[in-house]
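Note sheet for the following structure.
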Amino acid sequence: MFLHGGGLSAHTWDIVCLALREEYRCYALDLRGHGDSEWSPALDYSLGAHLRDLEAFADHLDIARFFLVGQPLGGIIGIGYASRHPRRLAGLVAVDSGPFAGSQAGIDRLATFTLDSRGFASLDEAVTRAMAFNPRRDPQLLRYSLQHNMRRLPDGRWIWKRDQRHLSRQRLAALVEQIPALAPLAQAIACPTLILRGADSDLFSADQAAAFAALVRDATVVTIPDSGHNVQGDNPAGLLAAIRPFLGRHRAEAAR
């Protein structure tokens, strides 16, 4: 089960799922208010709401045990789910995410892109803006991703599919302040856990990855080269090289 980060959609995992489909049945969700999922009428995008969505989906599929991969909002949801359902997961993969707030510079950079990029005159303009934010991305793959994460209005402009009614610098700051409260949840994780960090990430440091691993009883940290915060987009081959051995090692447990 793959959970995307804030502002992204399930399609951020397309390359990873395509590479794994011969070995695993992969599900990638559009979180509420993202992609093609419904927006919350009450603007409820709390961790509890996301957890309830994931619980309902897993119950609907009637999967006894499964792996959960999330980045970075998806990783936070994964921490919550793993703490509440210790016997449901065969393994957790947290991609550039953990129970710690990132650097203020990284948070400010992300907030500026999120809040100042609400609409574009063309898809080309959106690609150019996104490439300026993250030059590591392959332009062709980025265009493909944006086509799934944006919609074209009748007047020709392109806007994000995600619900932005609740977004502001104040709300983003409040969300960041809540992240350290996840530490007790991380201590309750019982399943094998793989913590992946982009080598050049400005939102999840090596020290934070090590501190996260110290909270979990069975955790391993792997640093993915040539990638920043968006590891699955920056270096999907590197991410796959890290998660394949982890999935294979614990695959038998998922069938129990």
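Only a single item in (1) touching a residue at least 40 places away in the same chain (Cβ under 8 Å); (2) surrounded by 15 or more Cβ atoms within 10 Å (Cβ to Cβ); (3) outside any loop (DSSP other than H, G, I, E, B) is not met by Leu115, and it is number (2).
Here's the yes/no breakdown for (1) touching a strand residue (DSSP E or B) at 6+ places or on another chain (Cβ under 7 Å); (2) over 30 Å from Asp155 (Cα atoms); (3) modelled with pLDDT of 95 or more:
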| residue | (1), (2), (3) |
| --- | --- |
| Ala82 | yes, yes, yes |
| Arg87 | no, yes, no |
| Gly91 | yes, yes, yes |
| Ala101 | no, yes, no |
| Ala111 | no, no, no |
| Leu123 | yes, no, yes |
| Arg137 | no, no, no |
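Meeting the requirement of 2 or more residues that are at pLDDT below 95, farther than 21 Å from Ile15 by Cβ and of a type outside the set (S, T, N, Q), the helices (runs of 4 or more DSSP H) wholly within segment 199-256 are 236-254.
Being among the aromatic types (Phe, Trp, Tyr), touching a His at 6+ places or on another chain (Cβ under 8 Å) and touching a residue at least 12 places away in the same chain (Cβ under 8 Å), is that true of even one residue in segment 58-67? If you could, list the steps in order and put the result at the bottom.
Initially, segment 58-67 is screened for residues among the aromatic types (Phe, Trp, Tyr), giving 66-67.
With touching a His at 6+ places or on another chain (Cβ under 8 Å) added as a condition, the list becomes 67.
From the residues that got through so far, the ones that are touching a residue at least 12 places away in the same chain (Cβ under 8 Å) too are 67.
Among the residues of segment 58-67, at least one is among the aromatic types (Phe, Trp, Tyr), touching a His at 6+ places or on another chain (Cβ under 8 Å) and touching a residue at least 12 places away in the same chain (Cβ under 8 Å), which makes the answer yes.
All conditions in (1) surrounded by fewer than 17 Cβ atoms within 10 Å (Cβ to Cβ); (2) under 23 Å from Ala199 (Cα atoms); (3) among the aromatic types (Phe, Trp, Tyr) hold for Phe2, with the sole exception of (1).
Wholly within segment 1-111, which helices (runs of 4 or more DSSP H) include no fewer than the required count, namely at least 2 residues that are farther than 26 Å from Val222 by Cβ and not hydrophobic (A, V, I, L, M, F, W, C)? Outline the logic, then answer.
Values: elements: 14-20, 47-61, 73-84.
Of the helices (runs of 4 or more DSSP H) lying wholly inside segment 1-111, those with at least 2 residues that are farther than 26 Å from Val222 by Cβ and not hydrophobic (A, V, I, L, M, F, W, C) span 47-61.
Going residue by residue through segment 163-172, is there one that turns out to be among the basic types (Lys, Arg), over 18 Å from the mean Cα position of the chain (by Cα), in a loop (DSSP other than H, G, I, E, B) and surrounded by fewer than 17 Cβ atoms within 10 Å (Cβ to Cβ)? Scanning segment 163-172 turns up at least one residue that is among the basic types (Lys, Arg), over 18 Å from the mean Cα position of the chain (by Cα), in a loop (DSSP other than H, G, I, E, B) and surrounded by fewer than 17 Cβ atoms within 10 Å (Cβ to Cβ).
The values are calculated or read from the model by the stated rules, or taken from the named source; none is laboratory data. The structure displayed is predicted, hence computed values, not measured ones. Don't worry about glycine lacking a Cβ; one is built from the backbone with ideal geometry, like all the others, and counts go over all protein chains shown.
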